[in-house]
Amino acid sequence: MADHPRPLGRPRSEDARLAVLRAVDDMLVADGYAAMTMKGIAERAGVGRQTVYRWWSSKAEILLEASAADAARELTVEPGVDAETEVAAFLRALAAFLTVSDAGLAYRALLGEAQHDQKVAELLRGTDVLGDAARAVIQRVQAEGAIPIESDPGALAAGLVGPLVFRILTEGWRADDAELLRMAQRFLRGLR
């Protein structure tokens, strides 16, 4: 007999899970976050509502799962030749994620919803895709000696991500490489 107890209920079907994740992405692009319902997601995915509710308790949970894996991939940057190059590459990836990626569109929808829905805000705090990606870059840059090790990682991530997110969300800003490089330089200069 196995040491691990079998979970209650039927096992999660990977095909059904992927169908739900694709459906929520498609619905977000076509209809927007507010128009999505759990019933509509299930219908679009071709699965029963019980299947959807068995695995997720809200459309926000589905949308975050749909965007988190893509975000981790899209926001991962290779180590740069120097700290400035690496930080600028991360900012470029972040700008693309927030402005052209479907996963970024999903994340932006969740950010908006989190402003008036405490459960969505808690969900985003539990899966901090932007902060996690920023902290990975910051740790590498710290290892190079470009940022003091004793700096608060949360504050550093906010300082790196915050200005770009603010400009994109409030101004609809489209970043260019020269400005992203200046942002990287300001970030690094502010920490010395």
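Values for this structure:
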{"read-out": "Point-charge dipole on Cβ atoms (K/R +1, D/E -1) for the chain, about Cα centre, debye to 20", "value": "520"}
{"read-out": "The range 1-122 - Rg over Rh from alpha carbon coordinates, Kirkwood radius", "value": "1.08"}
{"read-out": "Mean Cβ neighbour count within 10 Å, used as a protection proxy, ranking 51-57, 76-82, 97-103, 148-154 highest first", "value": "97-103, 51-57, 76-82, 148-154"}
{"read-out": "With Cα atoms, 0 to 90° folded angle of helix 83-99 axis to the chain main axis", "value": "40"}
{"read-out": "Highest-MSF residue in the chain out of 164, 124, 18 [GNM, Cα springs under 10 Å]", "value": "18"}
{"read-out": "Ascending count of other beta-carbon atoms within 10 Å, so fewest first, for 177, 26", "value": "177, 26"}
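We did not get these values from a lab; they are worked out from the coordinates using the rules stated. Treat the numbers as computed from the prediction; the structure is a model and nothing was measured. Please note: Cβ atoms are built from the backbone with ideal geometry, for glycine as well, and neighbour counts cover all protein chains shown.
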